[in-house]
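Peer 1: Questions regarding the structure given below will be posed in turn.
The values are calculated or read from the model by the stated rules, or taken from the named source; none is laboratory data. For clarity, every value in this text was computed on a predicted model and none was experimentally measured. Using ideal geometry, Cβ is built from the backbone for each residue, glycine included, and neighbour counts are taken over all protein chains shown.
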Amino acid sequence: MLSDRLDPASLKYVESRDPGQGRLAPRARYRSDAVALDLDGAWRFRLADSLHDLTPDFEAPDHDDTGWERLPVPSSWQMRDVADAPRHGTPAYTNVVYPFPVDPPRVPDANPTGEYRREFTLPPEWPGTGRGVLRFEGVDSAFAVFLNGVRLGDGKGSRLPTEFDATDVLRPGRNVLAVRVHQWSAGSYLEDQDMWWMSGIFRSVALLHRPQDGVGDFFVHADYDHLTGEGTLRVDADATGRVTVPELGLDVAVGERATAPVGPWTAETPRLYDAELTTAGERVRLRIGFRTVTVSGGLLRVNGTPLLLRGVNRHEWDPDTGRTLTVETMRQDIELMKRHNINAVRTSHYPPDGRFLDLCDELGLWVVDECDLETHGFHLNDWRGNPSADPAWREALLDRMRRMVERDKNHAGVIMWSLGNESGTGDNLRAMADWSHQRDPGRPVHYEGDWDSGYVDVYSRMYADHAETDRIGHGTEDPTTDPELDEHRRSLPFILCEYGHAMGNGPGGLSEYQRLFEQHPRLQGGFIWEWIDHGVRRRTPEGEEFFAYGGDFGEVVHDGNFVADGLVFPDRTPSPGLIEYKKVVEPVAIRVDAAARTVSVRNGLDFAGTGQLRFHWRVEDEGVPAGQGELAVPVVAAGDSAVVSWPPELSGAADAGAVGAERWLTVSARLAKDEPWAPAGHEVAWFQAALTTGAPAPSAIRSGAGAPALRADGARITLGDGVFDARTGRLVRLGALPVEGPRLDVWRAPTDNDLRGRRGSDAEKWRAAGLDRLEHKVLSVEPGDTGLTVTTRVAAAGSDAALSAVYRWSAAPSGGDGGAGGAGRLRLTVEVRPAGVWDVTLPRLGLRAAVPAALSAVSWFGAGPHEAYPDTRAAARVGRFASDVDGLQTPYLFPQENGSRTDVRWVRLGPAGGGTGLRLSGPTPFSFAARPWTSEELDAAAHPTELVRGDLVHLTLDAARQGVGSASCGPGVLPEYRLLAAPTVFTVDWAAEEA
Ligand code: IPT
């Protein structure tokens, strides 16, 4: 029962649309010389299961809380001990669906409520005059604040600051602050972002002294005129004072305009000027970046120049602390982004911790700052009652917009305001846009959810496929639903605020998007969905770590691993998708003309020249270094190109003696000196050109004289080094190596992209066709004079469609024919021919085989070092690489096809310490994967910890693979990367080899 000493009316705010009572007007976040008391740290904490279970008088200064546990502030209470034994509920994940009945503004009776208490003493330097303000940077989702037993007010809007005036109740000595935080509130209806539901005081708390005659709020207007090179500064404030910019010799009154020649701020050249705003009572430190954002001539411009956004959507995430991040983690995110050629962030889908924006200003990222608003779950109820369209919610929505804009308005990096995400349509959104335009005409407004785009300044969409994006680029998109808006929308620049869904293996098709962005001026780039996998670090009872996703906490309603769709893993290890994106968006395009002996460099940056880069060349013969040096390239201005001739050393290396091996030239652009976000030598862009194609591979192994004869005796057939099972025709031994011989294989453990799709998933079709359960019928095993021919029919139960597979084995003469592994090389040529009706694509077309697990050391000459698939191929470079089998696995949170290396000329697997290994090579490059488990085991596992190493290494060797696409949310595999069943012949040579 509700404690009889608690007046139910005192809890009304929980289910009220009202954004808060007793709050101060929103204002900028800044640092000044005013005294501030950090209230982060260990607070006393008790979790009540519901409002019926609250502690009476918990706010009373003398309430005995000694029995309460201590919880860190900031944190989310569900993350407490989450790895082993969560103490206070658990995180719960849903994407769109509300995890409670949709009955706004009411929320469930089971409303976990945290009771927080802490004491503090005013520091000796606390002045006797002025005011005291309690500032909460973020509390999820509604809260009431009591100081010394007095209620100061309440608030909502989890990812936005709230301030209360504490002056009248502050005491010189001991003060007791008590905060009640509710998991669910009316505000929860506005916070249906695709992420874990978590609660608590998850951002910092401070008591700020507000001096008499101090600064309240101020707005820095710092424009840049690209025609004159002049900056214009005007700082508006609600106090009189002066603004000084020593470096510019500026000293002006608040509200007064001043101009000076300045270096502009851009994400590529994040020039900030230290400045000070001084009033009679306070000195505020400013960092000013001069830049002007406009939409003009149909383009989004900064300082007159149209931008190309190479962006990501960033949620705040840490696998151990959830949405509470340290400033080091924020910096790490930005450094990682900058190192991967990312130049823009959309703060999906709420304003980030303010310190993140300080760092974006400092290190240089374009920011689309998004309001804490998403009502996506109303979509599942046909948008009935959507707060965006209900006047009763107008104030709540406007309040959120105001609080974001007021907090973040002084950041040079913020170039657009976003109203929120996936909140349908409605006049409240228009009201937010109108307010923003009036308050800050200097920043365009973004919102994706209203495709008619009546009140926004850019046309924004998510997951539009390549064909539609191309039409938008041409300006030939379908008209708006409201014909009156069509002209307006056609005049707008276009961005893909989400694309390239980075869930699991992928996303595929990024290069094709980038080509469109580069081709059509109207397409100003986009933001990959998303930066990081929101996996929660947990441990199995055996102590093995894994990253949990939706459902792992027993949630009744959840969206599984859809929360794991980032370019970095939860621990911020880059995924192959990030490496691919880095290459696809590299800002400098290097090309080689081997015939003309030149290198061309095109600078794709929007502002900066290539002065910070040094160019370097390297020649390799079959991956072995054969020369390197610097390449003198003049500074290329943004948008310009230069062509330079090869230096004599490079020509020399290119011409050096006939090698009989493939010779490749790699040219790379690297940082000339340390930058704040990466050390000197960091590679920004690269290009490879083949200088020779190598010696032609032997097209056939000679038969006849010298070729080892085939011997058939009973159960075994021997051919050269190979021993075959006479009934199945499968290779069982190669020299001293036991082998589970190759056989046709088309299955892959479906990727997240295979498993989903707008028009049914590929994986469903594949399973329906039985591709995961093909049976191999041996039709004949025919030993011949010089070889063995095995004819099979491969088909699934219930189907008359089949793949006919004929395996032709031949042997190299002992002593070798010059090819590697000549001691006993076997050549296998496989002829595959589809029979019957094949109306599904194939995941892959190739072979599977297995060798003892001791063969764990892998080296290859081919593309690498990362996995690469036909449509995620841009970042893989040709070279010689080595790894152990474990290192070849990509640990996607949900196990799936991964780790396949492409364009492989040869691969060797051997024992770690040396000894007999297996060498596979072919006249045409192939792809390979080597795993401690089979594709079927990979397919069956839900977490990497469920995969068990056996005593074999399982190999897949592919002549062809289907691409991966981005169908988990977005377009599937592009037609050119779909793999159709077709007659195919491929050859792989097998040799046991000493190393
Ligand atoms: C889109 C959401 O904006 C984003 O938050 C995320 O959920 C993403 O999808 C998928 O991971 S909305 C979707 C209906 C396109």
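Peer 1: For segment 416-439, indicate whether the set of residues that are within 30 Å of the chain's Cα centre (by Cα), of a type in the set (D, E, K, R), away from the ligand (no atom under 16 Å from the Cβ) and under 27 Å from Leu277 (Cβ atoms) is non-empty. Outline the logic, then answer.
Peer 2: First pass over segment 416-439, keeping only residues within 30 Å of the chain's Cα centre (by Cα): 416-425, 429, 432-433, 436.
Keeping just the survivors that are of a type in the set (D, E, K, R) gives 422.
Within this subset, residues satisfying the condition of being away from the ligand (no atom under 16 Å from the Cβ) are none.
No, there is no match, as no residue in segment 416-439 is within 30 Å of the chain's Cα centre (by Cα), of a type in the set (D, E, K, R), away from the ligand (no atom under 16 Å from the Cβ) and under 27 Å from Leu277 (Cβ atoms).
Peer 1: Please state which of the following conditions Val592 fails to meet, knowing it meets all the rest: (1) in contact with a Phe, Trp or Tyr (Cβ under 8 Å, 6 or more places away or on another chain); (2) more than 15 Å from the ligand (Cβ to nearest atom); (3) in a loop (DSSP other than H, G, I, E, B).
Peer 2: Here Val592 meets the rest and fails (3).
Peer 1: Right, another one. So for segment 318-331 (the condition being closer than 26 Å to Phe607 by Cβ and more than 16 Å from the ligand (Cβ to nearest atom)), does at least one residue qualify?
Peer 2: yes
Peer 1: Same structure again: Identify, by number, the condition in (1) on the phi < 0 side of the Ramachandran plot; (2) within 16 Å of the ligand (Cβ to nearest atom); (3) not β-branched (Val, Ile, Thr) that Tyr463 doesn't meet.
Peer 2: Tyr463 satisfies every listed condition except (1).
Peer 1: Looking at Val837 and the list (1) in a loop (DSSP other than H, G, I, E, B); (2) in contact (Cβ under 8 Å) with a residue 60 or more places away in the chain; (3) surrounded by fewer than 23 Cβ atoms within 10 Å (Cβ to Cβ), which single condition is not satisfied?
Peer 2: Among (1) in a loop (DSSP other than H, G, I, E, B); (2) in contact (Cβ under 8 Å) with a residue 60 or more places away in the chain; (3) surrounded by fewer than 23 Cβ atoms within 10 Å (Cβ to Cβ), Val837 violates only (2).
Peer 1: Follow-up question, since we're still on this one. Would you call Arg355 within 16 Å of the ligand (Cβ to nearest atom) and more than 23 Å from Arg17 (Cα to Cα)? Quick ask: steps written out before the conclusion?
Peer 2: On the way: within 16 Å of the ligand (Cβ to nearest atom): no; more than 23 Å from Arg17 (Cα to Cα): yes.
The answer is no for Arg355.
Peer 1: Quick check on Glu468: is it on the phi > 0 side of the Ramachandran plot and either within 15 Å of the ligand (Cβ to nearest atom) or not assigned by TED's automatic domain parsing to the domain that holds Asn381 (or both)?
Peer 2: no
Peer 1: Moving to a separate point now. Pairs needed: first member in segment 128-152, of a type in the set (Lys, Arg); second member anywhere, not in a loop (DSSP other than H, G, I, E, B); C-beta distance under 6 Å; at least 6 residues apart or different chains.
Peer 2: Arg131/Thr167; Arg131/Arg210; Arg135/Glu163; Arg135/Ala206; Arg135/Leu208
Peer 1: Another question, then. Going by what's in this entry, would Ala695 be described as out of contact with any strand residue (DSSP E or B) (no Cβ under 8 Å at 6 or more places or on another chain), modelled with pLDDT under 95 and not charged (D, E, K, R)?
Peer 2: Against the criterion (out of contact with any strand residue (DSSP E or B) (no Cβ under 8 Å at 6 or more places or on another chain), modelled with pLDDT under 95 and not charged (D, E, K, R)), Ala695 qualifies.
Peer 1: Collect the residues in segment 960-975 that are surrounded by fewer than 21 Cβ atoms within 10 Å (Cβ to Cβ) and in contact (Cβ under 8 Å) with a residue 40 or more places away in the chain, keeping them in residue-number order.
Peer 2: We begin by selecting, within segment 960-975, every residue surrounded by fewer than 21 Cβ atoms within 10 Å (Cβ to Cβ); these are 960, 974-975.
Passing the criteria: Ala960, Leu974.
Peer 1: Let me ask something else about it. Can you give me the number of residues within segment 343-364 that are surrounded by fewer than 24 Cβ atoms within 10 Å (Cβ to Cβ) and basic (Lys, Arg)?
Peer 2: Adding up the residues that qualify gives 1.
Peer 1: In addition: Restricting the search to segment 727-739, which residues are buried (at least 17 other Cβ atoms within 10 Å of the Cβ) and of a type outside the set (Val, Ile, Thr)?
Peer 2: Those that are buried (at least 17 other Cβ atoms within 10 Å of the Cβ) and of a type outside the set (Val, Ile, Thr): Gly729, Arg730, Leu731, Arg733, Leu734, Gly735, Leu737.
Peer 1: Looking only at segment 619-644, how many residues end up being surrounded by 14 or more Cβ atoms within 10 Å (Cβ to Cβ) and under 14 Å from Thr598 (Cα atoms)?
Peer 2: Residues that pass the stated criteria total 4.
Peer 1: Search segment 529-544 for residues being β-branched (Val, Ile, Thr) and buried (at least 24 other Cβ atoms within 10 Å of the Cβ), and hand back the single one that is nearest to His943 (Cα to Cα). Can you show your working first?
Peer 2: First, pick out the residues of segment 529-544 that are β-branched (Val, Ile, Thr): 532, 536, 540.
Okay, now just the ones that are also buried (at least 24 other Cβ atoms within 10 Å of the Cβ), so 532, 536.
Values: Ile532: 18, Val536: 12 Å.
Applying the filter and picking the extreme gives Val536.
Peer 1: Looking at Ala876, Ala942, can you tell me which residue is without any contact (Cβ under 8 Å) to a residue 60 or more places away in the chain, surrounded by fewer than 17 Cβ atoms within 10 Å (Cβ to Cβ) and small (Gly, Ala, Ser)? Spell out how you get there, then give the answer.
Peer 2: Working: Ala876 fails: surrounded by fewer than 17 Cβ atoms within 10 Å (Cβ to Cβ).
Going through Ala876, Ala942 in turn, just one is without any contact (Cβ under 8 Å) to a residue 60 or more places away in the chain, surrounded by fewer than 17 Cβ atoms within 10 Å (Cβ to Cβ) and small (Gly, Ala, Ser): Ala942.
Peer 1: Here are some residues: Leu510, Leu567, Leu523. Which one is in contact with an Asp or Glu (Cβ under 9 Å, 6 or more places away or on another chain) and free of Cβ contacts under 8 Å to residues at least 60 places away in the same chain? Working first, answer last.
Peer 2: Details: Leu510 fails: free of Cβ contacts under 8 Å to residues at least 60 places away in the same chain; Leu567 fails: free of Cβ contacts under 8 Å to residues at least 60 places away in the same chain.
Exactly one of Leu510, Leu567, Leu523 is in contact with an Asp or Glu (Cβ under 9 Å, 6 or more places away or on another chain) and free of Cβ contacts under 8 Å to residues at least 60 places away in the same chain, namely Leu523.
Peer 1: Free of Cβ contacts under 8 Å to residues at least 12 places away in the same chain, hydrophobic (A, V, I, L, M, F, W, C) and assigned by TED's automatic domain parsing to the domain that holds Arg773: does that describe Ala930? Full working, then the answer.
Peer 2: Working: free of Cβ contacts under 8 Å to residues at least 12 places away in the same chain: no; hydrophobic (A, V, I, L, M, F, W, C): yes; assigned by TED's automatic domain parsing to the domain that holds Arg773: yes.
In short, no.
Peer 1: Still on this structure, please answer the following. Go through segment 433-452 and count every residue that is under 19 Å from Thr375 (Cβ atoms), in contact with a Ser or Thr (Cβ under 9 Å, 6 or more places away or on another chain) and not in a strand (DSSP E or B).
Peer 2: Summing the residues that are under 19 Å from Thr375 (Cβ atoms), in contact with a Ser or Thr (Cβ under 9 Å, 6 or more places away or on another chain) and not in a strand (DSSP E or B) in segment 433-452 gives 6.
Peer 1: Within segment 364-386, is there a residue that is in a helix (DSSP H, G or I) and more than 16 Å from the ligand (Cβ to nearest atom)? Before the answer, list the steps.
Peer 2: Initial filter on segment 364-386 (in a helix (DSSP H, G or I)): 376-381.
Now narrow it down to the ones that are more than 16 Å from the ligand (Cβ to nearest atom): none.
No.
Peer 1: I need the strands (runs of 3 or more DSSP E) fully contained in segment 178-229, keeping only those with at least 3 residues that are within 30 Å of Asp606 (Cα to Cα) and not small (Gly, Ala, Ser). Break it down into steps so the answer makes sense when it comes.
Peer 2: Working: elements: 195-197, 205-210, 218-225.
Per the criteria, 218-225.
Peer 1: Next question. Within the group Glu247, Glu163, which residue is at pLDDT 95 or above, assigned to a helix (DSSP H, G or I) and among the charged types (D, E, K, R)?
Peer 2: Details: Glu163 fails: assigned to a helix (DSSP H, G or I).
Answer to the selection: Glu247.
Peer 1: Then there's this: Output the strands (runs of 3 or more DSSP E) that fall wholly within segment 280-349 and possess 3 or more residues being within 25 Å of the chain's Cα centre (by Cα) and at pLDDT 95 or above, or say none.
Peer 2: Working: elements: 283-288, 293-296, 299-302, 309-313, 344-346.
Result: 309-313, 344-346.
Peer 1: Yes or no: Ala882 surrounded by fewer than 18 Cβ atoms within 10 Å (Cβ to Cβ) and over 20 Å from Thr540 (Cβ atoms)? Can you show your working first?
Peer 2: Working: surrounded by fewer than 18 Cβ atoms within 10 Å (Cβ to Cβ): yes; over 20 Å from Thr540 (Cβ atoms): yes.
Yes; evaluated as a whole, the condition is true for this residue.
Peer 1: Residue under question is Ala749, and the condition is that it be closer than 30 Å to Gly917 by Cβ, small (Gly, Ala, Ser) and at pLDDT below 95; does it hold?
Peer 2: It is false that Ala749 is closer than 30 Å to Gly917 by Cβ, small (Gly, Ala, Ser) and at pLDDT below 95.
Peer 1: Could you list, in sequence order, all residues of segment 373-404 that are in contact with a Pro (Cβ under 8 Å, 6 or more places away or on another chain) and not charged (D, E, K, R)?
Peer 2: Answer for segment 373-404, where residues must be in contact with a Pro (Cβ under 8 Å, 6 or more places away or on another chain) and not charged (D, E, K, R): Thr375, Phe378, Gly385, Pro387, Trp393, Ala396, Leu397, Met404.
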